[in-house]
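**Student:** One structure follows; several queries about it will come next.
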Amino acid sequence: MLNGKRILLIIAGGIAAYRSLDVIRRLRERGADVRCVLTKGGAQFVTPLSVAALSENKVYQDLFSLTDEAEMGHIRLSREADLVVVCPASADLLAKMANGLADDLASTALLATDKPVMVCPTMNVMMWQHPATQANMVTLEARGVLRVGPGAGNLACGEIGTGRLAEVMDIVAAIECFFAEQAGPKPLAGRHALVTSGPTWEAIDPVRYIGNRSSGKQGHAIAAALAGLGARTTLVSGPTGMTDPAGVDVVRIESARQMYDACHAALPADVAVCAAAVGDWRVEVDAQKKIKKGAGGPPALTLVENPDILASLGQLAANARPRLIIGFAAETGDVVAYARAKLERKGCDWIVANDVSPGTGTFGGDENTVHLVSADAVENWPRMRKDEVAGRLAARIAAARPNTTRSMSE
């Protein structure tokens, strides 16, 4: 999708600038031609040599370069690109963009461009929440500037909140989604895809919960891949630190019961991919106040089963059931055997089975090894990045034409 695409990457200042190197690498892997503008602040965190080595192109820094500007370099850079990406986008550069300032090569190129612009903001949480930054972002989005992130979590300054640079693969997926939208009709256009992702948290009391180690990386990548193929995608997500995928409607929940309600509220759907790690049990009655230590020892917690979301979708009447239902089986042994049993028990069409044993690095990691199981076949996929798993699964879904058939073999 990115093969031959020309991307101008502007690297502004901030500790997250080092992650722009991975963005360059991922874009080059996909065949994109990447040219880079490195701001004075960005050069405090990454070197021109590292940027040039990864992009395999000259790095531009100086607005008043005698050689570059003799050819009106800032105009040429901004016009020859298919897309301008600012990653990371600092509060300062966003303010310059919103107010039309042009006092360095980056801001001048942005003011001179007639091409689409995408920004990936990152900064301290208070800087992001400041009314000036929010007003600048509203102005830029009203002008058509695209945005990826920021995400929430631990920040480099030691604070916690919104301001993290979006994950590298989310940025790459957003760029791919942009070019996919420019390419015309897509194989899943007109379809509605429902995807679940992340963990669920089952409250014990107001401060404690039963949860699991799911990061949401695989489910979010699947939602992004389906949206990239044209599907109207609804992502029902448990608590994660993931950035919302571009072009996806996100419904945030915490508990399994909330996820169950959100999934059924999102119907009808042509395809459902249940990638979330839904808690099997919850506390029968969660305390309304924090449970205190007492002389009697730990409290007894009575557990009850949560509703089975995957099975509930599979048991719907034919006119309400998604045409293609895909479940996930996270196992620590006998992966394929358990997946076959789950396929029959849950009434779904395919199971994506993966090994989450300690040492595999699946939970929270960037790679996955999966087996795609249907009633009559097992496909053993090699270990690959989770975004690659998502792309391959989305392609299989598109090939199955989920508005008309449930067959994996078509």
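**Student:** For the range 28-37, just list the computed ³J(HN,Hα) in residue order, Karplus coefficients 6.51, -1.76 and 1.60, θ = phi - 60°, integers in Hz, with x standing in for Gly and Pro.
**Tutor:** Karplus values, whole Hz, x for Gly and Pro: 5, 4, 8, x, 6, 8, 10, 10, 10, 10.
**Student:** Starting from the residue with the highest accessible area, list Glu167, Glu56 in decreasing order, probe 1.4 Å.
**Tutor:** Greatest to least solvent exposure: Glu56, Glu167.
**Student:** Could you grab the relative contact order for the range 56-212? Cα pairs under 8 Å, six or more apart, rounded to a whole percent.
**Tutor:** Taking the mean separation of contacting Cα pairs over the length of the range 56-212, I get 17 percent.
**Student:** Still on this structure, I have one more. Could you tell me whether the range 1-116 comes out rounded, prolate or oblate from its Cα gyration tensor? Rule is a ≥ b ≥ c as square roots of the eigenvalues, rounded for a/c under 1.5, then prolate if a/b exceeds b/c, otherwise oblate.
**Tutor:** rounded
**Student:** Moving on to the next point. What is the P(r) of the range 89-170, as percent of Cα-Cα pairs per 10 Å bin from 0?
**Tutor:** 18, 50, 28, 4
**Student:** Would you kindly derive the ³J(HN,Hα) couplings of the range 127-133 from the backbone phi angles with the Karplus curve 6.51 cos²θ - 1.76 cosθ + 1.60 (θ = phi - 60°), listing them in order in whole Hz, with x for Gly and Pro?
**Tutor:** Per-residue couplings from phi come out as 5, 5, 7, 4, x, 5, 5 Hz.
**Student:** For the range 86-245, compute the orientation-averaged projected area of the C-alpha convex hull (one quarter of its surface), in nm².
**Tutor:** Mean orientational projected area (the range 86-245, Cα hull): 11.4 nm².
**Student:** Right, next: Report the normalised scattering of the range 152-270 as log10 I(q)/I(0) at q = 0.14, 0.17, 0.18 Å⁻¹, calculated by the Debye formula with identical scatterers on the alpha carbons.
**Tutor:** Debye curve over Cα of the range 152-270, log10 I(q)/I(0) at q = 0.14, 0.17, 0.18 Å⁻¹: -0.64, -0.89, -0.97.
**Student:** Would you check the accessible area of Lys58, probe 1.4 Å, heavy atoms only, in square angstrom rounded to 10?
**Tutor:** 100
**Student:** Over the chain, what per residue volume does the convex hull of the Cα atoms give, in whole Å³?
**Tutor:** Spread over its residues, the Cα hull of the chain gives 166 Å³ apiece.
**Student:** Taking the C-alpha atoms of the range 258-355, how large are the radius of gyration and the largest Cα-Cα span, Dmax, in Å?
**Tutor:** Every Cα atom of the range 258-355 included, Rg and Dmax give 17.3, 57 Å.
**Student:** Separate question: Work out, in µm²/s and without decimals, the Stokes-Einstein translational diffusion coefficient of the range 1-65 at 37 °C, 0.692 mPa s, Rh from Kirkwood over C-alpha pairs.
**Tutor:** 280
**Student:** Heavy atoms only, probe 1.4 angstrom, no DNA, RNA or ligands counted: give me Arg323, Arg345 ranked by accessible area, highest first.
**Tutor:** I get Arg345, Arg323, largest accessible area first.
**Student:** On the protein heavy atoms, probe 1.4 angstrom, tell me the percent of accessible surface of the range 267-330 carried by carbon and sulfur.
**Tutor:** Taking all protein chains in place, the range 267-330 shows 53 percent carbon and sulfur surface.
**Student:** Return the aspartates and glutamates within reach of Lys293: Cα separation strictly under 15 angstrom, same-chain partners fewer than 8 residues apart disregarded; answer none if there are no such residues.
**Tutor:** Asp205
**Student:** On to the next question. Given a 1.4 Å probe and heavy atoms of the protein chains only, how would you sort Ser107, Ser50, largest accessible area at the top?
**Tutor:** Largest accessible area first, the residues go Ser50, Ser107.
**Student:** Additional query: Just the number please: accessible area per residue for the chain, 1.4 Å probe, all protein chains included, in Å².
**Tutor:** I get 46 Å² per residue for the chain.
**Student:** Sort 299-305, 118-124 by packing, meaning the average of other beta carbons within 10 Å per residue, with the highest value first.
**Tutor:** Packing proxy ranking, top to bottom: 118-124, 299-305.
**Student:** Give me the net charge for the shell around Val145: Cβ to Cβ below 14 angstrom, other residues only, Lys and Arg +1, Asp and Glu -1.
**Tutor:** +2
**Student:** Also, quick follow-up: Would you pull out the residues with amide H under 5 Å of Lys5's amide H, same chain only if 5 or more places away, H placed 1.01 Å from N?
**Tutor:** Residues meeting the criterion, in which the H sits 1.01 Å from N, are Asp33.
**Student:** For a quick check of understanding: with a 1.4 angstrom probe and all protein chains in place, what accessible area in square angstrom does Tyr209 have, to the nearest ten?
**Tutor:** 110
**Student:** May I pose another question? Do the alpha carbons of any pairs in Lys40/Lys96; Lys186/Lys342; Lys217/Lys342; Lys217/Lys346; Lys40/Lys217 sit beyond 26 Å of each other, and which pairs?
**Tutor:** In this structure, Lys186/Lys342; Lys40/Lys217 exceed 26 Å between Cα atoms.
**Student:** While we're on this one: Run down the aspartates and glutamates and flag those whose C-alpha is under 16 Å from the C-alpha of Lys58, throwing out any fewer than 8 positions away in its chain.
**Tutor:** The qualifying aspartates and glutamates are Asp33, Asp68, Glu69, Glu71, Glu80.
**Student:** With the cut-off at 1.5 for a/c, could you classify the range 188-237 from its C-alpha gyration tensor as rounded, prolate or oblate?
**Tutor:** prolate
**Student:** Quick one: plug the Kirkwood hydrodynamic radius of the range 137-210 (C-alpha pairs) into Stokes-Einstein at 4 °C, 1.567 mPa s, and report D in µm²/s.
**Tutor:** After rounding, the answer is 80 µm²/s.
**Student:** Let me ask something else about it. Helix-only estimate, please: 222 nm mean residue ellipticity of the chain, summing -39500 (n - 2.57) across DSSP H runs of length 4 or more and dividing by its residues, to the nearest 500.
**Tutor:** The helix contribution divided over the chain gives -9500 deg cm²/dmol.
**Student:** In whole Hz, with x marking every Gly and Pro, tabulate ³J(HN,Hα) for the range 296-306 from phi via Karplus 6.51 cos²θ - 1.76 cosθ + 1.60, θ = phi - 60°.
**Tutor:** Each residue's phi maps through the Karplus curve to give x, x, x, x, 7, 10, 8, 9, 10, 6, 7 Hz.
**Student:** Just read off the accessible area of Glu379 with the full protein assembly in place, 1.4 Å probe, to the nearest 10 Å².
**Tutor:** Number for this one is 50 Å².
The values are calculated or read from the model by the stated rules, or taken from the named source; none is laboratory data. Keep in mind it's a predicted model, so treat the numbers as computed, not measured. Cβ coordinates were reconstructed from backbone atoms using ideal geometry, including for glycine residues, and neighbour counts include every protein chain displayed. Calculation scope for accessible area: heavy atoms of the full protein, side chains included, ligands and nucleic acids excluded. Shrake-Rupley method; radii C 1.70, N 1.55, O 1.52, S 1.80 Å.
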